[in-house]
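Report on one structure; see the data block that follows.
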Amino acid sequence: MGMNKDDGKEKKKESYEPKIREPELQKFWEKEQIYRFDKKSGKPVYSIDAPPPTVSGKMHLGHAFSYSQADFIARYRRMRGYNVFYPFGFDDNGLATERYVEKKEKVRAVDMGRRKFVELCLSSTADAEKYLKDSWMRLGISSDWSITYRTIERDCQKISQLSFIKLYEMGREYQKEAPTIWCPRCRTAIAQVELEDKELDSTFNDIIFKVKEGADLVIATTRPELLSSCVAVFVHPDDKRYRKYVGKEVAVPLFNQKVKILADERADPEKGTGVVMCCTFGDQTDIEWYKAHNLDMKISITKEGRMNENAGKYKGMKIREAREMIIDDLKKAGLLTSQKAIQHTLNVHERCGTEVEILNTKQWFIRYLDLKGEFIKAGKKIKWYPEFMRTRYDNWIKGLSWDWCISRQRFYGVPFPVWYCKKCGEVILADEKELPVDPLEDKPKGKCRCGSDDFEPEKDVLDTWATSSLTPMIALGWQRDGKFFKKMYPMDLRPQAHDIITFWLFNTVVKGYLHEKEIPWKCAMISGHALDPKGKKMSKSKGNAVDPLATIANHSADALRFWAAGSKLGDDLPFQEKDLVTGRKYIVKLFNASRFAMIHLKDYRKKKPEKLTVIDRWALSKLHGLIKLSTEEFDKYEYTKSKAETEKFFFQVFCDNYLEIAKDRLYNPEKYEREEVESAKYTLYVVLLSILKQVAPVMPHITEEVYQKHFRNREGDVSIHISKWPEYDEKMIDEKAENAGDLAVKIIGAVRQYKSERKMPLNAPLEEVAVDVKDDIAPVVKDIMSTMKVGKIVRMKVEKADVEIEGVKIKVSSAVQ
């Protein structure tokens with residue numbers, strides 16, 4: 001901007017200290033209830049269903065990245081006149097919270113009783129939730145902090161249990177002993193969505209199976225410990241190598257049970273030897289074969305991940321121990337022909353990284369595989385930002401092969417509202433009026449239909465996602481405030497990262513469809529991941545994690561948010577310190593440029609002059625082009641381009657050029673017509689305020705600081721964040737003024753270059769400059785002369801130019817020494 005030492009009248013320059021002012025501004029927002037949702041307001045509502053962070057953890061950089069991007073939209077919508085409903089939740093229902101409280105309080109959940117332990121969790125996590133709230137507030141997240149929920153509190157338990165009862169009454173829930181995905185470490189059933197693919201080293205073992213009549217068969221397997229569970233051998237019906245074996249019996253090595261050789265198209269002739277053993281259960285195909293061919297079931301692994309009595313002498317061994325010993329025994333028996341080291345992808349439990357097993361256990365399920373087509377249709381009704389993220393959703397649904405297992409063999413969680421009649425086995429549901437209930441402590445009202453009042457409580461708890469999938473219903477008071485719920489559902493926006501599309505987003509669509517036959521939100525805004533400077537995933541174990549609160553302390557919340565706005569929605573973004581340094585410089589420049597501008601606007605009365613100068617119309621025309629772009633980009637959830645173009649406009653158009661050009665009219669008003677001076681003041685005020693408003697969603701603190709200092713008394717709005725977003729006016733677009741202004745900027749640039757090359761001060765006077773350009777410079781010649789201290793400018797043909805840039809030639813006749 002090139003401000004001189006004498007630019008301000010004040011002896012001591014003010015400064016902006018983010019460390020001090022950001023927390024103070026956050027307290028101001030809370031005190032003034034700037035982000036409070038008003039149920040009685042007549043404004044259009046914009047509602048946001050944001051993910052509740054887990055209370056056992058703390059804010060990580062991914063949180064700061066994703067929540068900032070959602071907050072850009074919340075703040076923009078508020079400035080567009082919406083009554084924003086933006087509650088905040090805390091996820092304290094799950095294994096992570098159970099472990100956190102047990103460790104913190106030095107207790108064991110199972111020793112306390114579930115209800116007492118839940119109460120302890122609610123009290124014990126209060127400090128953790130306050131810490132999380134303070135962390136999110138420190139980032140500048142504009143949630144309505146008067147509307148919060150905790151996923152284990154009574155109201156959430158009630159809604160979760162009510163959902164279970166409603167789905168049971170619909171016939172969508174069933175309990176069955178069936179093959180179930182099981183985590184031996186967590187000792188609980190898990191759902192398909194909780195699986196994670198992990199590439200691990202393994203070994204293909206070629207094992208001889210003795211055929212009763214004919215040559216031996218060789219089967220390649222990575223899991224010889226399942227030999228005791230082998231119930232059949234399969235080949236492809238078109239595989240000529242093995243057609244003659246179909247229908248014959250084969251002896252399973254070491255265990256010697258006789259099983260049949262069967263043909264099935266699911267056997268892959270290209271995989272291994274083309275012969276595959278079916279064990280109950282190694283994978284999903286084993287389950288399909290078990291059902292399709294009515295095979296026996298023979299489970300050899302316990303819930304604790306050890307071999308059982310079916311494994312014979314290997315009973316009691318851990319799975320890996322049994323695998324190694326069985327391989328040794330196969331070698332000794334001459335039944336292992338070869339081994340080949342491979343890497344293959346296995347399913348592990350996403351929470352603990354343990355390889356899962358498939359065990360036959362009694363579990364509760366939500367039946368939904370028959371609705372896959374409906375869920376895909378529901379996904380098409382949601383507007384996805386970015387659109388390509390819907391592919392992940394569709395692919396997940398197409399790959400579903402299990403109903404949703406919703407029971408967990410854990411102590412802590414939302415209890416099933418279920419008892420069983422000991423006499424007849426009838427399922428007894430809790431009375432809806434009595435919810436929430438804990439069957440371990442409560443009893444059902446009345447007797448069973450058979451007349452018995454002797455009941456067995458359900459000990460399992462609901463999958464945490466069975467509750468988290470109800471966040472729109474929890475936030476909107478489903479079945480509690482029917483009028484409000486009907487008005488607000490579906491919500492407007494679900495913002496989240498792409499890694500939980502299959503978890504949280506899909507499950508919420510499932511519950512929304514089953515309960516309301518409606519999508520839960522109109523739009524889904526999917527963010528990418530924050531990566532380390534080398535583009536790698538961050539993790540504590542790798543030592544490459546960045547602490548966002550430490551980053552805020554070093555650089556400010558606005559600088560961190562500025563970095564978060566640096567990637568297109570859905571893209572991953574490496575963390576770069578230089579981006580935060582740029583953000584800090586932007587903050588300083590905004591503060592200083594605003595302070596400089598407002599010194600000259602003390603007597604400005606917000607009155608638009610009848611006539612604006614060409615250079616002012618140039619600035620205003622470019623401003624309205626920016627407003628149009630910013631508005632269109634924010635409307636489609638693309639904040640990045642608005643952020644970049646506003647930053648460019650602020651530095652290049654406003655600071656580098658317009659302020660310098662308008663400066664003489666502000667410093668020396670006596671040299672100009674009154675209307676020319678008023679034109680400069682009007683333009684300066686309007687342009688600066690509009691810039692601040694367009695920066696406000698991304699950098700809320702510095703923009704509020706400047707607004708409170710210089711604009712609040714004039715504008716009247718308590719905060720910039722509830723002021724009106726700049727409105728695009730097509731009439732303000734002036735192509736002629738833009739061309740003239742752009743030409744003036746080029747000529748000024750050429751004169752600056754002339755002075756710089758000769759090491760002259762930029763305010764050094766020049767007597768006369770000849771300018772060789774195609775277009776008329778008369779409309780802006782006065783601005784060029786005052787800006788570059790030129791006594792006279794002549795438009796003429798220049799043969800030998802002192803400077804030539806962008807189609808502009810200049811020749812300086814003489815410089816005043």
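The values are calculated or read from the model by the stated rules, or taken from the named source; none is laboratory data. If you're wondering where the values come from, they're calculated on a predicted model, not measured in any experiment. FYI the Cβ positions are ideal-geometry reconstructions off the backbone, even for glycines, and counts take in every protein chain you see. Note: accessible area is taken over every heavy atom of the protein model, side chains too, but ligands, DNA and RNA are not part of it. Shrake-Rupley method; radii C 1.70, N 1.55, O 1.52, S 1.80 Å.
In the set (1) open to solvent by 20 Å² or more (accessible area, probe 1.4 Å); (2) farther than 26 Å from Val686 by Cβ; (3) at pLDDT 95 or above, Lys568 fails one condition alone, (3).
Would you check if there is a residue in the stretch 606-620 being open to solvent by 30 Å² or more (accessible area, probe 1.4 Å), outside any helix (DSSP H, G or I) and at positive phi? Taking every residue of the stretch 606-620 in turn, at least one turns out to be open to solvent by 30 Å² or more (accessible area, probe 1.4 Å), outside any helix (DSSP H, G or I) and at positive phi. A count restricted to the stretch 363-395 and to residues that are touching a residue at least 60 places away in the same chain (Cβ under 8 Å) and under 21 Å from Leu167 (Cβ atoms) stands at 11.
Condition check for Asp127 on (1) more than 22 Å from Ala550 (Cβ to Cβ); (2) at pLDDT below 90; (3) among the charged types (D, E, K, R): one failure, at (1).
Quick one: in the stretch 285-336, which of the residues that are among the polar types (S, T, N, Q) and in a helix (DSSP H, G or I) is nearest to the chain's Cα centre (by Cα)? Of everything passing the filter in the stretch 285-336, Thr285 is nearest to the chain's Cα centre (by Cα).
Applying the criterion of being touching a Ser or Thr at 6+ places or on another chain (Cβ under 9 Å) and open to solvent by 40 Å² or more (accessible area, probe 1.4 Å) to the residues of the stretch 124-177, the residue that is farthest from Val427 (Cα to Cα) is Lys133. Among the residues making up the stretch 697-711, a single one is outside any helix (DSSP H, G or I) and not hydrophobic (A, V, I, L, M, F, W, C): Pro697. Pairs are defined by a Cβ separation below 8 Å, a sequence spacing of at least 6 or placement on different chains, a first member in the stretch 426-445 that is within 20 Å of Gln479 (Cβ to Cβ), and a second member that is assigned to a strand (DSSP E or B) and among the β-branched types (Val, Ile, Thr); the pairs so defined are Leu429/Val418; Ala430/Val418. For the stretch 582-590, does any single residue satisfy the condition of being modelled with pLDDT of 95 or more, assigned to a helix (DSSP H, G or I) and in contact with a strand residue (DSSP E or B) (Cβ under 8 Å, 6 or more places away or on another chain)? Among the residues of the stretch 582-590, not one is modelled with pLDDT of 95 or more, assigned to a helix (DSSP H, G or I) and in contact with a strand residue (DSSP E or B) (Cβ under 8 Å, 6 or more places away or on another chain), which makes the answer no. Being in a loop (DSSP other than H, G, I, E, B) and within 20 Å of Gln652 (Cα to Cα) is true of Asn763.
When the criteria are applied in full, Tyr658 fails the requirement of being assigned to a helix (DSSP H, G or I) and either open to solvent by 20 Å² or more (accessible area, probe 1.4 Å) or within 26 Å of Asp571 (Cβ to Cβ) (or both).
Working carefully through the options Leu762, Leu688, find the one that is under 14 Å from His624 (Cα atoms), touching a residue at least 60 places away in the same chain (Cβ under 8 Å) and of a type in the set (A, V, I, L, M). After ruling out the rest, the residue left standing is Leu688.
Note on the stretch 503-529: residues that are at pLDDT 90 or above and open to solvent by 10 Å² or more (accessible area, probe 1.4 Å) total 9.
Within the stretch 189-196, identify whether any single residue is at pLDDT 90 or above, surrounded by 15 or more Cβ atoms within 10 Å (Cβ to Cβ), closer than 21 Å to Phe503 by Cα and acidic (Asp, Glu), and answer yes or no. Checking the stretch 189-196: not a single residue is at pLDDT 90 or above, surrounded by 15 or more Cβ atoms within 10 Å (Cβ to Cβ), closer than 21 Å to Phe503 by Cα and acidic (Asp, Glu). Being aliphatic (A, V, I, L, M) and either closer than 17 Å to Ile152 by Cβ or under 28 Å from the mean Cα position of the chain (by Cα) (or both) is a description that does not apply to Leu429. Restricting attention to the stretch 39-72, the residues that are part of a strand (DSSP E or B) and either within 11 Å of the chain's Cα centre (by Cα) or hydroxyl-bearing (Ser, Thr, Tyr) (or both) add up to 3. Filtered by the rule that a residue be basic (Lys, Arg) and surrounded by 14 or more Cβ atoms within 10 Å (Cβ to Cβ), the stretch 322-350 gives a lone residue, Arg323.
Looking only at the stretch 461-485, residues that are open to solvent by 30 Å² or more (accessible area, probe 1.4 Å) and part of a loop (DSSP other than H, G, I, E, B) come to 3 in all. Scanning the stretch 712-730 for residues that are farther than 16 Å from Leu626 by Cβ and part of a helix (DSSP H, G or I), which turns out most open to solvent (accessible area, probe 1.4 Å)? Selected residue: Asn713.
Please tell me if Gly535 is under 15 Å from the mean Cα position of the chain (by Cα), outside any helix (DSSP H, G or I) and at positive phi. Taking the combined requirement at face value, the residue does not satisfy it.
Table: residues versus (1) free of Cβ contacts under 8 Å to residues at least 12 places away in the same chain; (2) touching an Asp or Glu at 6+ places or on another chain (Cβ under 8 Å); (3) in a helix (DSSP H, G or I).
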{"site": "Arg494", "(1), (2), (3)": "no, yes, no"}
{"site": "Asp499", "(1), (2), (3)": "no, no, yes"}
{"site": "Val510", "(1), (2), (3)": "no, no, yes"}
{"site": "Leu514", "(1), (2), (3)": "no, no, yes"}
{"site": "Glu518", "(1), (2), (3)": "no, no, no"}
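Selection within the stretch 621-648: residues that are acidic (Asp, Glu) and assigned to a helix (DSSP H, G or I). The member of this set that is most open to solvent (accessible area, probe 1.4 Å) is Glu632. Of the listed requirements (1) closer than 22 Å to Tyr639 by Cα; (2) surrounded by fewer than 18 Cβ atoms within 10 Å (Cβ to Cβ), Lys542 misses just one: (1).
Taking the criterion of being open to solvent by 10 Å² or more (accessible area, probe 1.4 Å) and within 13 Å of Asp460 (Cα to Cα), the residues of the stretch 384-418 that qualify are Gln409, Arg410, Phe411. Only one of the listed residues (Gly353, Gly425, Gly379, Gly446) is open to solvent by less than 10 Å² (accessible area, probe 1.4 Å) and either of a type outside the set (S, T, N, Q) or assigned to a strand (DSSP E or B) (or both). That residue is Gly379. How many residues are in a strand (DSSP E or B) and open to solvent by 40 Å² or more (accessible area, probe 1.4 Å) if we restrict to the stretch 361-375? Counting residues in the stretch 361-375 that are in a strand (DSSP E or B) and open to solvent by 40 Å² or more (accessible area, probe 1.4 Å) gives 1.
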